[in-house]
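A quick write-up on the structure given underneath.
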Amino acid sequence: MIDREFMNNLGYLVIEGPAGVGKTSLARKLSETFNSGLILEQPDENPFLTRFYQDRRHYALPTQLSFLFDRIRRLEGLKQRHLFHPHWVLNFFLERDLLFAQLTLDTDEFELYRHVYEQLAPKVSPPGLVIFLQASVSVLQNRLRRRHLTPEQMIPADYLAELVDGYARFFLQYNNAPLLMINSESVDFMNSEEDYRALLEYLPTVQSGRHFFNPLASAEMVGLGR
């Protein structure tokens, strides 16, 4: 039995993880399942991103600022979310911007960026739940290649490795909201109805703290009526 009411208590749910991990696809699917509002980042709209992958040092600051301004604009809608939807699903949250900025900016640039961030970041309450999708660098690269990106659009392997490590360290210390960590290499929410239903059954049980989703264990718990 899927609990469709638990989303009302969340306010909004965030799905996070490095590029290629499947956060946008899962966000869309959860939004459809729960009839939630959907807010997605649009990295293709960042005019500096392709140049950043070619010359990270030169284009890091304008790339990060462009992302920051765009995400702030999208998050502004959450301030009036109850006028449109009682709950939302997002494939990003603003705290991730500081993680990326620390990876890409030098000390002076980061201080400038943090000043802009603190002045402009909207006062949005923490999400009711964060889902962190994980995968190895090799798996992420294979998934990105299947998107038929041009060589200029592909994320360099060394930068992707930094992101994977940065995300892991970030979420080891994250405690602003309940956190559900999922190894996306062991599940297929898009093509396996069993995996997806196990996730839907598990989500309402995540009340606080850090959790690790194991679809086999979840299915066994559901079968036992727990």
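Do we have residue 34 as modelled with pLDDT of 90 or more and over 16 Å from the mean Cα position of the chain (by Cα) here?
The answer is yes for residue 34.
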**Prompt:** residue 6 is checked against (1) crowded, with 18+ Cβ neighbours inside 10 Å; (2) in contact (Cβ under 8 Å) with a residue 40 or more places away in the chain; (3) under 25 Å from residue 178 (Cα atoms); (4) touching a Phe, Trp or Tyr at 6+ places or on another chain (Cβ under 7 Å) and fails just one. What number does that condition carry?
**Reply:** (4)
**Request:** Only residues in the range 159-188 that are among the β-branched types (Val, Ile, Thr) count as the first member; pair them with residues that are surrounded by 14 or more Cβ atoms within 10 Å (Cβ to Cβ), Cβ under 6 angstrom, at least 6 apart or cross-chain, and list the lot.
**Result:** 164/18; 164/137; 182/133; 182/213; 187/195; 187/215
**Message:** List pairs: first residue in the range 197-213 and surrounded by 16 or more Cβ atoms within 10 Å (Cβ to Cβ), second residue not hydrophobic (A, V, I, L, M, F, W, C) anywhere in the structure, Cβ distance under 7 angstrom, at least six positions apart or on different chains.
**Reply:** 198/215; 198/218; 200/33; 201/218; 202/218; 204/3; 206/178; 213/202
**Fill in**
Of (1) closer than 24 Å to residue 125 by Cβ; (2) under 12 Å from the mean Cα position of the chain (by Cα); (3) open to solvent by 20 Å² or more (accessible area, probe 1.4 Å), residue 16 fails just (3)
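Residue by residue, here is whether (1) open to solvent by 70 Å² or more (accessible area, probe 1.4 Å); (2) part of a helix (DSSP H, G or I); (3) under 17 Å from residue 116 (Cβ atoms); (4) in contact with a His (Cβ under 9 Å, 6 or more places away or on another chain) holds:
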site: 27; (1), (2), (3), (4): no, yes, no, no
site: 44; (1), (2), (3), (4): yes, yes, no, no
site: 57; (1), (2), (3), (4): yes, yes, no, no
site: 61; (1), (2), (3), (4): no, yes, yes, no
site: 66; (1), (2), (3), (4): no, yes, yes, no
site: 69; (1), (2), (3), (4): yes, yes, yes, no
site: 72; (1), (2), (3), (4): no, yes, yes, no
**Item:** Answer from 49, 26, 38, 13 - the residue that is of a type in the set (A, V, I, L, M, F, W, C) and closer than 20 Å to residue 176 by Cα
**Value:** 13
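The values are calculated or read from the model by the stated rules, or taken from the named source; none is laboratory data. Nothing here was measured: the structure is a model prediction, and the numbers come from that model. When we count neighbours, we look across all protein chains shown, and the Cβ atoms used for this are built from the backbone with ideal geometry, even at glycine. What goes into the accessible areas is simple: the full protein's heavy atoms, side chains included, and nothing from ligands, DNA or RNA. Shrake-Rupley method; radii C 1.70, N 1.55, O 1.52, S 1.80 Å.
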